[in-house]
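Report on the structure given below.
The values are calculated or read from the model by the stated rules, or taken from the named source; none is laboratory data. Worth saying up front: this structure is predicted, and the values here are computed from it rather than measured. Glycine also receives a Cβ, built like all others from the backbone with ideal geometry; neighbour counts cover every protein chain displayed.
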Amino acid sequence: MPQLDDINCSLNFSSDWNVTCNNMQQNAYSIALITIYSAVLIGGITGAILMICILKSNIMSVTTTAVLNLIAIHVVFLLTVPFRMYYYASNNWSLGPVFCKLVSAMIHAHMYIAFVFYVTILVIRYLTFFQKTGRVEFYRRLHALGYSAAVWAVMLIIVLPACISQYGNSKLYCNTTCFHFQGELEKSWVRIVNYTMIAIMLTTVSVLFCCQLYILWKVVRQHRADLFAHQEFWAQIKSLSFVLVMVICFVPYHMFRIYYLQHVKDRSCLSQQNEVYLALTALSCFDLLTFLGRGSYLYCPASCMSVKSIFPCC
């Protein structure tokens, strides 16, 4: 039985925000979210285990360091997925508001930390291609650890605690609900942060996509005769897969977010639709499975002749 305070807070919140859905709509969104997160959990765990088992390359490689960090952020996020599935299955949150905000924030932390390391991998690959170098490495192992620590520190020590402490304070939210903090969008700084992140994400992905197409065009022109037998072509196809992960998983959410920010108070069920788009960003956990394919040589530029490990020269 819901507490009287929970009923009152629900009525007060709904009076200002048109967020209610009928039972049929609510069940449909819950089923969709449970299905997406179930696939994410299975695919993410499978990819992480397989990559941990086969990753034996040089830790000083920039790309290898980025991939190891991708594995780490996927694993940390996957630990929170069962709690999301529990909530959407029971439609009741009983683990407290602080833990709710932590679980809610982790999907955003996962998306943006993964985005940083995707960009790192792609930029290093592009530098390798244009400079014709075999690999890009940190001078010392401490530099690789420092780079990783800096990214994690900014997100998990500065940004995440700040968001948790500030989010969920402007409206009377119910203790038995979770992942619905639409009232925060009334704050001007929240809207500014949202629009800024949307602009950064869409601009960066667009630039990387154009660069990748240009590189593929150059490779195709250079190796027309034996294109499919050439290592450089498959290396760029693998780079393209990273760009496509961002295009497929991250871009739809940020495009919808523009509409969401403008109409969240006007449309019923819009917050549930936002949750579905947000859940799609978690499909980026499947990125690790892209490393398990035709052969390890697919992951190296042509200037590297070694095929002994997955990232011998990235």
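Here SER239, SER268, SER309, SER303 are screened, and the one residue that is among the hydroxyl-bearing types (Ser, Thr, Tyr) and at pLDDT 75 or above is SER239.
Scanning segment 71-94 for residues that are under 12 Å from ASN175 (Cα atoms) and free of Cβ contacts under 8 Å to residues at least 60 places away in the same chain yields a total of 0.
Each row is one residue, and each column tells you yes or no for (1) modelled with pLDDT of 95 or more; (2) assigned to a loop (DSSP other than H, G, I, E, B); (3) not basic (Lys, Arg).
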| residue | (1), (2), (3) |
| --- | --- |
| ILE215 | no, no, yes |
| LYS218 | no, no, no |
| ARG224 | no, yes, no |
| GLU232 | no, no, yes |
| VAL245 | no, no, yes |
| ARG257 | no, no, no |
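Could you please give the count of residues in segment 222-248 that are of a type outside the set (Lys, Arg) and touching a residue at least 60 places away in the same chain (Cβ under 8 Å)? Walk me through how you get there before you give the answer.
The initial filter retains those residues of segment 222-248 that are of a type outside the set (Lys, Arg), namely 222-223, 225-237, 239-248.
The next check asks that each one be touching a residue at least 60 places away in the same chain (Cβ under 8 Å); those that pass are 230-232, 234-237, 239, 242-243, 245-246.
Total meeting the criteria: 12.
From the residues in segment 259-289 that are acidic (Asp, Glu) and assigned to a helix (DSSP H, G or I), which one is surrounded by the most Cβ atoms within 10 Å (Cβ to Cβ)? Top of the filtered list is ASP287. Against the conditions (1) touching a Lys or Arg at 6+ places or on another chain (Cβ under 6 Å); (2) at pLDDT below 90, LEU11 satisfies every one except (1).
Only residues that are outside any helix (DSSP H, G or I) and at pLDDT below 80: list them for segment 181-213, please. Step through it out loud before you land on a result.
Of the residues in segment 181-213, the ones outside any helix (DSSP H, G or I) are 181, 187.
Hit for segment 181-213 is PHE181, nothing else.
Restricting to segment 31-66, and then to whatever is at pLDDT 90 or above and among the polar types (S, T, N, Q), can you tell me which residue is farthest from VAL264 (Cα to Cα)? Only one residue tops the list, namely SER38. Could you look through segment 62-101, keep only residues that are surrounded by fewer than 15 Cβ atoms within 10 Å (Cβ to Cβ) and under 18 Å from the mean Cα position of the chain (by Cα), and pick out the one that is farthest from ILE52 (Cα to Cα)? It comes out as PRO82.
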